[in-house]
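Some notes on the structure that comes next.
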Amino acid sequence: MTSEAITVLGLGNLGRALAEAFLRGGHSVTVWNRSAAKASELAVGGAVVAPTVVEAVASADLVVVAVLDHAAAREVLRGADVRGRALVNVTSGTPEEAREMARWAAEQGAEYLHGAVYAVPQTIGTAESSINYSGSSAVHTRWREVLELLGKVTFHGDDAGRASGFDVAILSAMYGLLGGFLHAAALARSSGIEVAELTPPLLSWLADLRPALVTFAGEIDSGSYAAGESSLAMNQTGLGMLLRATRAQGVPFAALESVKELVDRQVAEGHGTDSLARAVESFEAFRRFAVRE
Ligand SMILES: NC(=O)c1ccc[n+]([C@@H]2O[C@H](COP(=O)([O-])OP(=O)(O)OC[C@H]3O[C@@H](n4cnc5c(N)ncnc54)[C@H](OP(=O)(O)O)[C@@H]3O)[C@@H](O)[C@H]2O)c1
(Lines give C-alpha, C1' and ligand atoms only; values in the text may rest on other atoms or scores of the structure.)
Protein backbone atom coordinates (compact mmCIF):
# COMPACT_ATOMS: atom_id res chain seq x y z
CA MET A 1 0.00 0.00 0.00
CA THR A 2 1.29 3.49 -0.82
CA SER A 3 2.01 5.60 2.21
CA GLU A 4 -0.71 8.23 2.55
CA ALA A 5 -0.99 11.43 4.59
CA ILE A 6 -3.83 11.03 7.10
CA THR A 7 -5.05 13.36 9.82
CA VAL A 8 -6.93 12.20 12.92
CA LEU A 9 -8.87 14.84 14.87
CA GLY A 10 -9.73 13.72 18.41
CA LEU A 11 -7.52 11.43 20.45
CA GLY A 12 -9.94 9.97 22.96
CA ASN A 13 -9.94 6.20 23.34
CA LEU A 14 -11.24 5.61 19.82
CA GLY A 15 -9.26 8.32 17.99
CA ARG A 16 -6.01 7.13 19.53
CA ALA A 17 -6.71 3.54 18.39
CA LEU A 18 -7.47 4.79 14.86
CA ALA A 19 -4.27 6.84 14.67
CA GLU A 20 -2.22 3.88 15.93
CA ALA A 21 -3.77 1.56 13.32
CA PHE A 22 -2.88 4.02 10.53
CA LEU A 23 0.67 4.29 11.89
CA ARG A 24 0.98 0.48 11.98
CA GLY A 25 -0.17 0.49 8.35
CA GLY A 26 2.87 2.60 7.46
CA HIS A 27 1.06 5.88 6.85
CA SER A 28 2.13 9.37 7.70
CA VAL A 29 -0.25 10.45 10.47
CA THR A 30 -0.93 13.95 11.79
CA VAL A 31 -2.95 14.22 14.99
CA TRP A 32 -4.74 16.97 16.88
CA ASN A 33 -6.58 16.88 20.17
CA ARG A 34 -8.29 19.59 22.21
CA SER A 35 -6.12 18.79 25.23
CA ALA A 36 -2.60 18.68 23.92
CA ALA A 37 -1.24 16.10 26.41
CA LYS A 38 -2.99 13.19 24.65
CA ALA A 39 -1.42 14.16 21.33
CA SER A 40 2.11 14.15 22.79
CA GLU A 41 1.71 10.46 23.76
CA LEU A 42 1.16 9.61 20.09
CA ALA A 43 4.16 11.60 18.96
CA VAL A 44 6.19 8.81 20.55
CA GLY A 45 4.60 6.38 18.10
CA GLY A 46 5.62 8.49 15.13
CA ALA A 47 2.63 10.79 14.60
CA VAL A 48 3.13 14.48 13.87
CA VAL A 49 1.30 16.65 16.39
CA ALA A 50 -0.43 19.65 14.83
CA PRO A 51 -0.91 22.65 17.13
CA THR A 52 -4.24 23.65 15.56
CA VAL A 53 -7.11 21.99 13.69
CA VAL A 54 -6.42 24.29 10.74
CA GLU A 55 -2.85 22.99 10.43
CA ALA A 56 -3.94 19.39 11.00
CA VAL A 57 -6.55 19.56 8.22
CA ALA A 58 -4.06 21.23 5.88
CA SER A 59 -1.63 18.32 6.33
CA ALA A 60 -3.64 15.51 4.72
CA ASP A 61 -6.14 14.57 2.03
CA LEU A 62 -7.95 12.20 4.40
CA VAL A 63 -9.25 13.71 7.65
CA VAL A 64 -10.76 11.33 10.20
CA VAL A 65 -12.85 12.82 13.01
CA ALA A 66 -13.48 10.92 16.27
CA VAL A 67 -14.74 13.19 19.03
CA LEU A 68 -17.38 12.89 21.73
CA ASP A 69 -20.51 13.86 19.82
CA HIS A 70 -21.96 15.76 16.88
CA ALA A 71 -21.75 19.15 18.59
CA ALA A 72 -18.04 18.59 19.32
CA ALA A 73 -17.39 17.52 15.71
CA ARG A 74 -19.07 20.68 14.41
CA GLU A 75 -17.09 22.80 16.84
CA VAL A 76 -13.79 21.15 15.89
CA LEU A 77 -14.31 21.56 12.13
CA ARG A 78 -15.69 25.10 12.29
CA GLY A 79 -13.10 27.47 10.86
CA ALA A 80 -10.95 24.79 9.20
CA ASP A 81 -10.52 24.93 5.44
CA VAL A 82 -11.76 21.47 4.44
CA ARG A 83 -12.00 22.23 0.71
CA GLY A 84 -10.91 19.25 -1.39
CA ARG A 85 -10.56 17.02 1.68
CA ALA A 86 -12.08 13.59 2.23
CA LEU A 87 -13.79 13.86 5.62
CA VAL A 88 -14.53 10.59 7.42
CA ASN A 89 -16.47 11.15 10.63
CA VAL A 90 -16.82 8.20 12.98
CA THR A 91 -18.30 10.28 15.80
CA SER A 92 -21.59 8.74 16.96
CA GLY A 93 -24.70 10.71 16.04
CA THR A 94 -28.23 10.56 14.70
CA PRO A 95 -28.95 10.00 10.99
CA GLU A 96 -30.07 13.64 10.64
CA GLU A 97 -26.87 14.90 12.27
CA ALA A 98 -24.82 12.90 9.74
CA ARG A 99 -26.86 14.38 6.87
CA GLU A 100 -26.35 17.88 8.30
CA MET A 101 -22.57 17.29 8.36
CA ALA A 102 -22.70 16.03 4.77
CA ARG A 103 -24.58 19.18 3.66
CA TRP A 104 -22.08 21.38 5.51
CA ALA A 105 -19.13 19.53 3.98
CA ALA A 106 -20.61 19.89 0.47
CA GLU A 107 -21.00 23.66 1.02
CA GLN A 108 -17.31 23.78 2.00
CA GLY A 109 -16.23 21.79 -1.07
CA ALA A 110 -15.35 18.61 0.87
CA GLU A 111 -16.48 15.00 0.38
CA TYR A 112 -18.14 13.40 3.41
CA LEU A 113 -18.33 9.80 4.56
CA HIS A 114 -19.96 8.89 7.87
CA GLY A 115 -18.88 5.84 9.86
CA ALA A 116 -20.59 3.87 12.62
CA VAL A 117 -18.06 1.83 14.58
CA TYR A 118 -18.80 -1.70 15.81
CA ALA A 119 -15.65 -2.19 17.83
CA VAL A 120 -14.01 -1.11 21.03
CA PRO A 121 -10.66 0.71 20.85
CA GLN A 122 -8.79 -2.51 21.76
CA THR A 123 -10.21 -4.38 18.72
CA ILE A 124 -9.63 -1.63 16.13
CA GLY A 125 -7.51 -3.12 13.35
CA THR A 126 -8.49 -6.71 14.20
CA ALA A 127 -11.00 -9.12 12.62
CA GLU A 128 -13.43 -8.24 15.43
CA SER A 129 -13.74 -4.65 14.24
CA SER A 130 -16.36 -3.63 11.74
CA ILE A 131 -17.33 -0.14 10.54
CA ASN A 132 -20.46 0.69 8.55
CA TYR A 133 -20.10 3.69 6.26
CA SER A 134 -22.45 5.78 4.13
CA GLY A 135 -22.12 9.03 2.21
CA SER A 136 -19.58 9.84 -0.49
CA SER A 137 -18.95 6.80 -2.68
CA ALA A 138 -15.90 8.64 -4.06
CA VAL A 139 -14.34 8.69 -0.58
CA HIS A 140 -15.32 5.07 0.00
CA THR A 141 -13.71 3.96 -3.27
CA ARG A 142 -10.58 6.11 -2.97
CA TRP A 143 -9.87 5.34 0.71
CA ARG A 144 -11.33 1.87 1.20
CA GLU A 145 -7.97 0.12 1.44
CA VAL A 146 -6.78 2.54 4.10
CA LEU A 147 -10.07 2.32 6.04
CA GLU A 148 -9.75 -1.47 6.04
CA LEU A 149 -6.79 -1.00 8.40
CA LEU A 150 -9.37 -0.09 11.05
CA GLY A 151 -11.72 -3.03 10.53
CA LYS A 152 -14.14 -4.62 8.08
CA VAL A 153 -15.62 -1.96 5.78
CA THR A 154 -19.31 -2.09 4.78
CA PHE A 155 -20.64 0.67 2.55
CA HIS A 156 -24.37 1.44 2.77
CA GLY A 157 -24.78 3.90 -0.10
CA ASP A 158 -24.76 7.63 -0.66
CA ASP A 159 -27.22 8.76 2.04
CA ALA A 160 -24.82 9.95 4.76
CA GLY A 161 -27.47 9.22 7.39
CA ARG A 162 -27.93 5.56 6.50
CA ALA A 163 -24.98 4.16 8.49
CA SER A 164 -26.32 5.97 11.57
CA GLY A 165 -29.79 4.68 10.67
CA PHE A 166 -28.46 1.13 11.13
CA ASP A 167 -26.63 2.26 14.24
CA VAL A 168 -29.59 3.75 16.12
CA ALA A 169 -31.81 0.78 15.19
CA ILE A 170 -29.19 -1.70 16.42
CA LEU A 171 -28.61 0.34 19.59
CA SER A 172 -32.35 0.36 20.27
CA ALA A 173 -32.45 -3.43 20.00
CA MET A 174 -29.34 -3.65 22.20
CA TYR A 175 -30.72 -1.44 24.97
CA GLY A 176 -34.09 -3.22 24.72
CA LEU A 177 -32.26 -6.49 25.33
CA LEU A 178 -30.04 -5.10 28.09
CA GLY A 179 -32.98 -3.35 29.78
CA GLY A 180 -34.97 -6.58 29.49
CA PHE A 181 -32.10 -8.49 31.07
CA LEU A 182 -31.87 -6.08 34.01
CA HIS A 183 -35.62 -6.38 34.56
CA ALA A 184 -35.40 -10.17 34.27
CA ALA A 185 -32.66 -10.13 36.92
CA ALA A 186 -34.90 -8.12 39.28
CA LEU A 187 -37.87 -10.42 38.62
CA ALA A 188 -35.75 -13.53 39.16
CA ARG A 189 -34.33 -12.18 42.41
CA SER A 190 -37.86 -11.41 43.65
CA SER A 191 -38.66 -15.13 43.13
CA GLY A 192 -35.57 -16.21 45.08
CA ILE A 193 -33.56 -17.06 41.91
CA GLU A 194 -29.95 -15.95 41.61
CA VAL A 195 -29.13 -14.16 38.34
CA ALA A 196 -26.34 -16.67 37.61
CA GLU A 197 -28.97 -19.45 37.75
CA LEU A 198 -31.21 -17.54 35.36
CA THR A 199 -28.57 -16.82 32.71
CA PRO A 200 -28.06 -20.32 31.16
CA PRO A 201 -31.75 -21.03 30.39
CA LEU A 202 -32.20 -17.41 29.29
CA LEU A 203 -29.29 -17.58 26.84
CA SER A 204 -30.61 -20.85 25.46
CA TRP A 205 -34.08 -19.33 24.92
CA LEU A 206 -32.62 -16.21 23.28
CA ALA A 207 -30.68 -18.42 20.85
CA ASP A 208 -33.90 -20.29 19.98
CA LEU A 209 -35.64 -16.95 19.35
CA ARG A 210 -33.15 -15.75 16.74
CA PRO A 211 -34.90 -17.31 13.71
CA ALA A 212 -38.14 -15.60 14.77
CA LEU A 213 -36.53 -12.19 14.08
CA VAL A 214 -35.82 -13.25 10.49
CA THR A 215 -39.43 -14.41 10.09
CA PHE A 216 -40.75 -11.17 11.62
CA ALA A 217 -38.51 -9.08 9.32
CA GLY A 218 -40.02 -10.80 6.27
CA GLU A 219 -43.56 -10.23 7.58
CA ILE A 220 -42.90 -6.57 8.41
CA ASP A 221 -41.24 -5.75 5.06
CA SER A 222 -43.99 -7.50 3.07
CA GLY A 223 -46.84 -6.23 5.27
CA SER A 224 -48.36 -9.73 5.36
CA TYR A 225 -48.88 -10.96 8.89
CA ALA A 226 -51.50 -13.65 8.31
CA ALA A 227 -49.29 -16.71 8.71
CA GLY A 228 -48.31 -15.99 12.31
CA GLU A 229 -47.62 -18.94 14.60
CA SER A 230 -47.27 -16.54 17.51
CA SER A 231 -50.53 -14.60 17.35
CA LEU A 232 -51.17 -11.15 18.75
CA ALA A 233 -54.07 -12.47 20.88
CA MET A 234 -51.93 -15.20 22.45
CA ASN A 235 -49.14 -12.70 23.19
CA GLN A 236 -51.68 -10.22 24.60
CA THR A 237 -52.72 -12.87 27.15
CA GLY A 238 -49.05 -13.72 27.87
CA LEU A 239 -48.11 -10.09 28.37
CA GLY A 240 -51.14 -9.61 30.64
CA MET A 241 -49.92 -12.46 32.86
CA LEU A 242 -46.38 -11.05 32.84
CA LEU A 243 -47.56 -7.59 33.87
CA ARG A 244 -49.58 -9.11 36.74
CA ALA A 245 -46.46 -10.94 37.88
CA THR A 246 -44.26 -7.84 37.71
CA ARG A 247 -46.71 -5.84 39.81
CA ALA A 248 -47.24 -8.65 42.32
CA GLN A 249 -43.47 -9.10 42.68
CA GLY A 250 -42.92 -5.37 43.15
CA VAL A 251 -40.92 -4.78 39.94
CA PRO A 252 -43.22 -3.14 37.37
CA PHE A 253 -41.46 -2.10 34.15
CA ALA A 254 -42.81 0.66 31.87
CA ALA A 255 -41.10 -0.79 28.77
CA LEU A 256 -43.21 -3.97 29.07
CA GLU A 257 -46.38 -1.90 29.49
CA SER A 258 -45.43 -0.11 26.25
CA VAL A 259 -44.99 -3.41 24.40
CA LYS A 260 -48.43 -4.54 25.56
CA GLU A 261 -49.96 -1.25 24.38
CA LEU A 262 -48.59 -1.90 20.86
CA VAL A 263 -50.16 -5.37 20.91
CA ASP A 264 -53.48 -4.17 22.45
CA ARG A 265 -53.94 -1.63 19.70
CA GLN A 266 -53.67 -4.20 16.91
CA VAL A 267 -55.98 -6.63 18.72
CA ALA A 268 -58.51 -3.82 19.24
CA GLU A 269 -58.38 -3.16 15.49
CA GLY A 270 -59.41 -6.77 14.86
CA HIS A 271 -56.03 -8.37 14.08
CA GLY A 272 -55.80 -10.78 17.03
CA THR A 273 -55.10 -13.84 14.87
CA ASP A 274 -52.24 -12.12 12.98
CA SER A 275 -48.57 -12.52 13.80
CA LEU A 276 -47.05 -10.65 16.76
CA ALA A 277 -44.88 -8.83 14.20
CA ARG A 278 -47.96 -6.77 13.27
CA ALA A 279 -47.51 -4.81 16.54
CA VAL A 280 -44.95 -2.67 14.66
CA GLU A 281 -47.91 -1.12 12.81
CA SER A 282 -48.93 0.52 16.11
CA PHE A 283 -46.04 2.99 15.80
CA GLU A 284 -47.83 6.02 14.35
CA ALA A 285 -45.03 6.89 11.96
CA PHE A 286 -44.25 3.37 10.74
CA ARG A 287 -46.47 3.41 7.66
CA ARG A 288 -45.22 6.82 6.52
CA PHE A 289 -41.73 5.52 5.76
CA ALA A 290 -41.30 3.58 2.57
CA VAL A 291 -38.21 1.40 2.34
CA ARG A 292 -35.73 3.34 0.23
CA GLU A 293 -34.08 0.62 -1.88
N1 LIG B 1 -14.84 3.96 22.62
C2 LIG B 1 -15.64 3.11 22.01
O3 LIG B 1 -15.70 1.92 22.33
C4 LIG B 1 -16.49 3.58 20.84
C5 LIG B 1 -17.07 2.63 20.02
C6 LIG B 1 -17.88 3.05 18.96
C7 LIG B 1 -18.09 4.40 18.76
N8 LIG B 1 -17.52 5.30 19.60
C9 LIG B 1 -17.77 6.73 19.36
O10 LIG B 1 -16.58 7.39 19.05
C11 LIG B 1 -16.60 8.74 19.53
C12 LIG B 1 -15.35 8.96 20.40
O13 LIG B 1 -15.39 8.01 21.45
P14 LIG B 1 -14.17 7.87 22.48
O15 LIG B 1 -14.34 6.56 23.15
O16 LIG B 1 -12.89 8.19 21.81
O17 LIG B 1 -14.53 9.04 23.53
P18 LIG B 1 -13.57 9.68 24.64
O19 LIG B 1 -12.47 8.74 24.99
O20 LIG B 1 -14.45 10.18 25.71
O21 LIG B 1 -12.89 10.91 23.87
C22 LIG B 1 -13.66 12.02 23.51
C23 LIG B 1 -12.82 12.89 22.60
O24 LIG B 1 -13.64 13.99 22.17
C25 LIG B 1 -12.92 15.20 22.45
N26 LIG B 1 -13.87 16.27 22.69
C27 LIG B 1 -14.98 16.26 23.48
N28 LIG B 1 -15.63 17.42 23.40
C29 LIG B 1 -14.91 18.21 22.56
C30 LIG B 1 -15.07 19.53 22.07
N31 LIG B 1 -16.11 20.29 22.43
N32 LIG B 1 -14.13 19.99 21.20
C33 LIG B 1 -13.09 19.22 20.83
N34 LIG B 1 -12.88 17.96 21.24
C35 LIG B 1 -13.78 17.46 22.10
C36 LIG B 1 -12.08 14.87 23.68
O37 LIG B 1 -11.05 15.82 23.78
P38 LIG B 1 -10.27 16.03 25.18
O39 LIG B 1 -9.23 14.95 25.25
O40 LIG B 1 -9.70 17.39 25.05
O41 LIG B 1 -11.31 15.91 26.27
C42 LIG B 1 -11.59 13.48 23.28
O43 LIG B 1 -10.55 13.56 22.33
C44 LIG B 1 -17.91 8.89 20.30
O45 LIG B 1 -18.87 9.51 19.48
C46 LIG B 1 -18.30 7.44 20.61
O47 LIG B 1 -19.71 7.28 20.74
C48 LIG B 1 -16.71 4.93 20.62
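Of the residues VAL64, VAL117, which single one is near the ligand (Cβ under 9 Å from one of its atoms) and assigned to a strand (DSSP E or B)?
VAL117
For segment 76-84, does any single residue satisfy the condition of being part of a loop (DSSP other than H, G, I, E, B) and under 20 Å from ARG144 (Cβ atoms)?
Yes - at least one qualifying residue is present in segment 76-84.
Counting just the residues of segment 26-42 that are hydrophobic (A, V, I, L, M, F, W, C) and outside any helix (DSSP H, G or I), which one comes out farthest from the ligand (Cβ to nearest atom)?
Of everything passing the filter in segment 26-42, VAL29 is farthest from the ligand (Cβ to nearest atom).
Take VAL153 and tell me if it is in contact with a strand residue (DSSP E or B) (Cβ under 9 Å, 6 or more places away or on another chain), in a helix (DSSP H, G or I) and either surrounded by 11 or more Cβ atoms within 10 Å (Cβ to Cβ) or not assigned by TED's automatic domain parsing to the domain that holds HIS70 (or both).
When the stated conditions are applied, VAL153 does not pass them.
Going by the conditions given, is VAL251 in contact (Cβ under 8 Å) with a residue 24 or more places away in the chain, surrounded by 16 or more Cβ atoms within 10 Å (Cβ to Cβ) and either in contact with a Lys or Arg (Cβ under 9 Å, 6 or more places away or on another chain) or closer than 17 Å to GLY180 by Cα (or both)?
Yes.
Would you tally the residues in segment 43-54 being touching a residue at least 24 places away in the same chain (Cβ under 8 Å) and either within 15 Å of the ligand (Cβ to nearest atom) or not small (Gly, Ala, Ser) (or both)?
The qualifying residues number 4.
Answer yes if at least one residue in segment 74-82 is closer than 27 Å to THR126 by Cβ and either in contact with an Asp or Glu (Cβ under 9 Å, 6 or more places away or on another chain) or within 13 Å of the ligand (Cβ to nearest atom) (or both), and no otherwise.
No, because not a single residue in segment 74-82 is closer than 27 Å to THR126 by Cβ and either in contact with an Asp or Glu (Cβ under 9 Å, 6 or more places away or on another chain) or within 13 Å of the ligand (Cβ to nearest atom) (or both).
The values are calculated or read from the model by the stated rules, or taken from the named source; none is laboratory data. Keep in mind that this is a model prediction, so the values were computed, not measured. Every residue, glycine among them, receives a Cβ derived from its backbone with ideal geometry; neighbour counts consider all protein chains shown.
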